[in-house]
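Taken together, the values in this text are just the output of simple stated rules run on the coordinates, not laboratory data. In this text the structure is predicted, and so the values were computed from the model without any measurement. Here Cβ is always computed from backbone atoms with ideal geometry, including for glycine, and neighbour counts include all displayed protein chains.
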Amino acid sequence: MMHLKVCKFGGSSLADGNNIRRAAEILRADEARRFAVVSAPGKRFSGDVKITDQLYECYREAAEKGNCDAAFAPVRRRFVSIVEELGLEGFDIAGILDEVERQIVENKSSDFTASRGEYLNARIIAAFLGWEFVDAQEIVFFNERGQFDEKRSYRLIAERLKHCAHAVIPGFYGMDAWGCVKTFTRGGSDISGSIVARGLNAELYENWTDVSGFLACDPRIVNDPRKIEIISFKELRELSYMGANVLHADAIYPVRKGDIPIRIKNTFRPEDEGTLILPSKKYVSHGNLVTGIAGKKDFTVIFLEKQLMNAEIGFARKVLSVLEKDGINFEHMPSGIDTLSLVIESRYLADGVLDTLIEQIKAAVHPDYVRVLEDIALVATVGHGMTASIGTSARLFTALSQAGVNVRMIDQGSSEINIIVGIDNADYEKCVRAVYYEFFSGAEAEE
Ligand code: ASP
């Protein structure tokens, strides 16, 4: 494997000239850091507007009026001041901005417009570093169905970047099957970084952001929770699905398939170790039973019971067909011998949808008993360590009962590294605290 790191910098890490200088220092401090994937400038202070949001505004204005004079003005000011702060004399930012504004109006594409924040920032940063600018359109591709085209992208990344000593690449977008710009979902520069790391078979994907990695639980619930030093891709997937959001959930796949570790680092505290995310093969347990705790509120559980459900062929299929027909997504489906529960985000069931759904399920499978639990929160306790150790669930449930948390649902599912409990929304914070203090010894219990 080449001695090579791909570094992705997020929007807050590149929000102004000062921060860009900081990022450049980080890149120059390690010669393995040869490729930078960059976001558009993010918020400089709370209440500030991200360039990407401002660009979506440009798209709306252009669609309505045939020009985006008003909405583009702050974008222009922001990039001009970044170039001034960096002292980039001779860099024709005015000319580039004129051209971008013209293309926004002419292209009438929301994706194209939104992608220009990354494009402009990458061009400026490349000029500042004296590195090559490589447009994402040349190396990241989507197929006719709008899905990321792995084969073509990895081949082109390897070919195009093979002879580059250093390059800056805009994140967030690539080219679709018709030659137009297409973006990933919001926060998608994380995915671009992961793709470039995989295409180059890098030794490490460094993701530079404004926090020093993942925490074992939400700091708004537990004061100063422990930092996660090492986590596996599998654990991270479970935790990010449940709301731990430092990294875009889809950024995991490319590097995971290539067995490339990710390190989350803090641009503003580069000396901090951050969190290392390892493929399962390379993962060694760090001695903790539990790696992290995450959760989400506002679910509805539909509980169905029917004698001899286990022997009734097609029961689950019929229930799920009702959901499919109504276009409703379910999150979990814990089941017993004669019982089956559906856990669904409550927002899908508003305005009478819940009642209709239940009628349809009754008509399809004639259950003996149906019960609905509303305002349910899910809390996931995640860790490879749990599988190898006896008594983990006993500890978890004792801790919850001692804290006075009424467990309404349990789902250990087929993922052995995750125990999910369903509790009342009102008990959510209490539940997270109880689990945290039980498993993170040394942490003082507090309300
Ligand atoms: N600039 C894009 C966004 O705000 C993508 C990114 O920053 O990752 O969503």
Computed over the stretch 250-337, the Cα gyration tensor eigenvalues, each multiplied by 5 and square-rooted, give semi-axes in Å (largest first) of 41, 17, 16
Can you compute the charge dipole magnitude of the stretch 144-271 about its Cα centre, using +1 on each Lys and Arg Cβ and -1 on each Asp and Glu Cβ, nothing else charged? Give it in debye, rounded to the nearest 20. 240 debye
At what distance in nm do the modelled label points of R28 and Q402 sit from each other, each positioned 7 Å from its Cα along Cα→Cβ? 5.5 nm
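Could you work out [θ]222 nm for the chain from helices alone, using -39500 (n - 2.57) per DSSP H run of at least four and dividing by all its residues? Round to the nearest 500 deg cm²/dmol.
On the way: 14 runs with 169 residues, N = 447.
Roughly -12000 deg cm²/dmol at 222 nm, from the helical runs in the chain.
Provide the gained length on full extension for the span E64 to K162, in nm with one decimal, where the gain is 0.36 nm per separating residue minus the Cα-Cα distance.
Working: separation 98, 0.36 × 98 = 35.28 nm, distance 4.37 nm.
This chain segment gains 30.9 nm when fully extended.
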On a 0 to 90° scale, report how tilted helix 428-439 is relative to the longest principal axis of the chain, with both axes built from alpha carbons and the result rounded to the nearest 10. 90 degrees
Rg/Rh for the stretch 181-284: what does it come to with C-alpha atoms and Rh from Kirkwood? 0.95
Tell me the angle of helix 150-161 to the major Cα principal axis of the chain, expressed in degrees between 0 and 90 and rounded to the nearest ten. 30 degrees
Return the long-range amide H neighbours of F141 (sequence gap of 5 or more, or a different chain), with a cut-off of under 5 Å between placed amide H atoms. D149, S153, M175
Under 17 Å from a label point 7 Å along Cα→Cβ of K282: give me every residue in the stretch 202-217 with its amide N that close. 202-208
Divide, for the stretch 352-423, the radius of gyration over alpha carbons by 2.2 N^0.38 Å, where N is the residue count. 1.45
Can you list residues from other chains, or at least 5 along the same chain, whose modelled amide H is less than 5 Å from the amide H of H332? V343
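At R0 = 56 Å, how high is the FRET efficiency between K151 and D351 if r is their beta carbon distance? Nearest 0.05 is fine. Present the calculation step by step, with values, prior to reporting the outcome.
Details: r = 44 Å, r/R0 = 0.78.
Once rounded, the FRET efficiency stands at 0.80.
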Beyond 16 Å, what percent of the Cα pairs of the stretch 127-209 remain? 50 percent
So how far apart, in nm, are the two label points at K43 and E144 if each is 7 Å from Cα heading toward Cβ? 4.3 nm
Between F268 and A311, what is the spin-label point distance in nm, taking each point 7 Å from the Cα along the Cα→C-beta axis? 6.5 nm
Out of residues 5 or more away from K265 or on other chains, whose amide H comes under 5 Å of its own, with H placed 1.01 Å from N in the peptide plane? N207, W208, T209
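Using only the Cα atoms, work out Rg/Rh for the stretch 62-170, with Rh taken as the Kirkwood radius, to two decimals. Provide the component values of the computation, followed by the final result.
Details: Rg = 15.8 Å, Rh = 15.5 Å.
Using Cα coordinates only, the ratio equals 1.02.
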Acute angle (nearest 10 degrees) that the helix 189-199 long axis makes with the longest principal axis of the chain, alpha-carbon atoms: 80 degrees
Out of T275, T52, T392, any idea which swings most in a Gaussian network model of the chain, alpha carbons joined below 10 Å? T392
Among D218, D375, D326, which one shows the highest mean-square fluctuation when the chain is modelled as a Gaussian network with alpha-carbon springs under 10 Å? D326
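Past 28 Å, Cα to Cα: identify those pairs from K306/K430; K50/K265; K297/K325, in the order given. Kindly include the intermediate steps, with their values, before the conclusion.
Details: K306/K430 34 Å; K50/K265 21 Å; K297/K325 26 Å.
In this structure, K306/K430 lie more than 28 Å apart at Cα.
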Where is the GNM fluctuation largest for the chain (alpha-carbon springs, 10 angstrom cutoff): D53, D210, D427? D53
Positive-end residue of I228, A94, V134, charge dipole of the chain with Cβ unit charges: V134
Any cysteine of the chain lacking a neighbouring Cys Cβ under 4.7 Å - listed by number: C7, C164, C180, C217, C431
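Across the chain, how large is the tail of the calculated P(r) beyond 38 Å, expressed as a percent of all Cα pairs? Intermediate values should be presented prior to the final figure.
Details: 34018 of 99681 pairs.
Cα-Cα pairs of the chain separated by over 38 Å account for 34 percent.
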Once fully extended, how much extra length lies between N245 and D259, figured as 0.36 nm per residue of separation less the alpha-carbon to alpha-carbon distance? 2.9 nm
